[in-house]
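Accompanying notes for the structure given below.
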Amino acid sequence: MTIDRKDGVLVARLDARYDAFHEAETARFEEQLSGAVADEDRPRLVLDMARTEYISSATIETLFRVWRKMQQHGEAKMVLAATTPFCREIVTTARLNDLWPLYDDVDAAVAAVKS
């Protein structure tokens with residue numbers, strides 16, 4: 001995963017797979033995301049999932065923990081961008097898109113969280 005900024009918004013470009021069986025990778029994933037938003041007064045985070053083929057329930061739990069940390073720092077916004085079909089199905093079936101809206105691409109997601 002890489003994390004950079006686009007128009008002042010943090011954009012995390014996720015890797016291909018986030019399996020539950022790799023605890024060290026899950027911990028590193030959480031540390032990277034939490035570290036990126038830790039110093040933000042009004043955290044804005046776009047998760048670019050264009051390359052992400054698979055997410056596990058452990059990944060979703062990690063996103064919830066990061067989300068809770070973000071909310072402690074002020075008015076937080078987190079959205080998902082460019083989800084692959086499998087990930088989109090997981091997100092919509094679990095109704096996570098009610099909490100973290102889905103956008104077709106990073107540009108649309110960044111524009112949405114900036115407002």
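State which residue pairs qualify: first residue at negative phi and in contact (Cβ under 8 Å) with a residue 12 or more places away in the chain and inside the stretch 88-115, second residue surrounded by fewer than 17 Cβ atoms within 10 Å (Cβ to Cβ) and not in a helix (DSSP H, G or I) in any location, beta carbons under 6 Å apart, and separation of 6 or more residues or different chains.
Correct list of pairs: VAL110/LYS6; VAL110/ASP7.
For the structure I just gave you, tell me whether GLU61 is in contact with a Lys or Arg (Cβ under 9 Å, 6 or more places away or on another chain), in a helix (DSSP H, G or I) and not hydroxyl-bearing (Ser, Thr, Tyr).
Values: in contact with a Lys or Arg (Cβ under 9 Å, 6 or more places away or on another chain): no; in a helix (DSSP H, G or I): yes; not hydroxyl-bearing (Ser, Thr, Tyr): yes.
The answer is no for GLU61.
Considering only residues that are over 15 Å from ALA109 (Cα atoms) and part of a loop (DSSP other than H, G, I, E, B), which ones fall in the stretch 85-99?
Passing the criteria: ALA94, ARG95.
Return the residues of the stretch 64-84 that are in a helix (DSSP H, G or I) and over 18 Å from GLN32 (Cβ atoms); say none if nothing qualifies. Please lay out each step first, then the result.
Within the stretch 64-84, the first condition is being in a helix (DSSP H, G or I), and the residues that meet it are 64-71.
Scanning the stretch 64-84 gives a single hit, GLN71.
Within the stretch 29-51, identify whether any single residue is assigned to a loop (DSSP other than H, G, I, E, B), at pLDDT 95 or above and charged (D, E, K, R), and answer yes or no.
The answer is yes, given that some residue of the stretch 29-51 is assigned to a loop (DSSP other than H, G, I, E, B), at pLDDT 95 or above and charged (D, E, K, R).
Which numbered condition trips up THR59, out of (1) surrounded by fewer than 20 Cβ atoms within 10 Å (Cβ to Cβ); (2) closer than 18 Å to ASP19 by Cα; (3) in contact (Cβ under 8 Å) with a residue 12 or more places away in the chain?
(1)
The values are calculated or read from the model by the stated rules, or taken from the named source; none is laboratory data. Because the structure is a prediction, the values reported are computed rather than measured. Glycine also receives a Cβ, built like all others from the backbone with ideal geometry; neighbour counts cover every protein chain displayed.
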